[in-house]
1. Please list, ordered by first then second residue, the pairs with beta carbon atoms under 8 Å, 6 or more apart or interchain, first in segment 122-135 and open to solvent by 80 Å² or more (accessible area, probe 1.4 Å), second assigned to a loop (DSSP other than H, G, I, E, B) and not charged (D, E, K, R).
2. Within segment 41-64, can you find the residues that are open to solvent by 100 Å² or more (accessible area, probe 1.4 Å), modelled with pLDDT of 90 or more and not in a helix (DSSP H, G or I)?
3. If I filter segment 72-84 for residues that are at pLDDT below 90, surrounded by fewer than 16 Cβ atoms within 10 Å (Cβ to Cβ) and touching a strand residue (DSSP E or B) at 6+ places or on another chain (Cβ under 9 Å), do I get at least one hit?
4. Taking segment 97-148, which residues are among the basic types (Lys, Arg), closer than 26 Å to Tyr79 by Cβ and part of a loop (DSSP other than H, G, I, E, B)?
5. What number of residues within segment 1-22 satisfy the criterion of being loosely packed, with under 14 Cβ neighbours inside 10 Å and in contact (Cβ under 8 Å) with a residue 12 or more places away in the chain?
Amino acid sequence: MPVLSPTWTNERIELLKQHFEAGLSCREIAADIGVSRNAVIGKLSRLNLTRGRTVDDRKVQDKSSAPARAMRAVPRLQYQMLATIYGETDATVIAAPIEEANRCSLLELAENRCRWPISTPGAEDFCFCGNSAPDSQPYCAGHSRLAYRPNSRARVMRG
């Protein structure tokens, strides 16, 4: 069996320290010494050699390398929808019965009709509410009351 020489000889460690002090990158140090970049990073870590970054450098790097955040639901938009449905006043919402005369199939649905499903999909009596839906809302006023309920704190505050 061939005898393997150690990766980190005293000469290589001294070269590593000199190059590090000179400000060379890990890739440049690795190419000059003849080891992998990961070996250089690991050895620097074991020797507790770190490059001090200034606060300004960290801020610039953190902002530039941060991944773009995914868009989240905007609470203001949800609040506006609830305010439209329930109104801004403290008046109680009258729970009128939902009309059943306008029920329709999927093919009969239009942009201004309520899309609230009635029954179970696939059943013979499955259909949609079909009542008029105001302002391009997906549901009529009656089904909107069911779909968009204020959180419990708002309900308690209303009485």
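The values are calculated or read from the model by the stated rules, or taken from the named source; none is laboratory data. Quantities reported herein were computed from a predicted structural model and do not represent experimental measurements. Glycine also receives a Cβ, built like all others from the backbone with ideal geometry; neighbour counts cover every protein chain displayed. Protein only, heavy atoms only, side chains kept; ligands, DNA and RNA dropped before computing areas. Shrake-Rupley method; radii C 1.70, N 1.55, O 1.52, S 1.80 Å.
1. Asp125/Ser119; Ser132/Asn102; Ser132/Asn112; Ser132/Cys114; Ser132/Cys140
2. Hit for segment 41-64 is Asn48, nothing else.
3. The answer is no; no qualifying residue exists.
4. Arg115 - this is the single residue of segment 97-148 that is among the basic types (Lys, Arg), closer than 26 Å to Tyr79 by Cβ and part of a loop (DSSP other than H, G, I, E, B).
5. First pass over segment 1-22, keeping only residues loosely packed, with under 14 Cβ neighbours inside 10 Å: 1-7, 9-11, 13-14, 18, 21-22.
Within this subset, residues satisfying the condition of being in contact (Cβ under 8 Å) with a residue 12 or more places away in the chain are 7, 13.
Looking only at that region, the number is 2.
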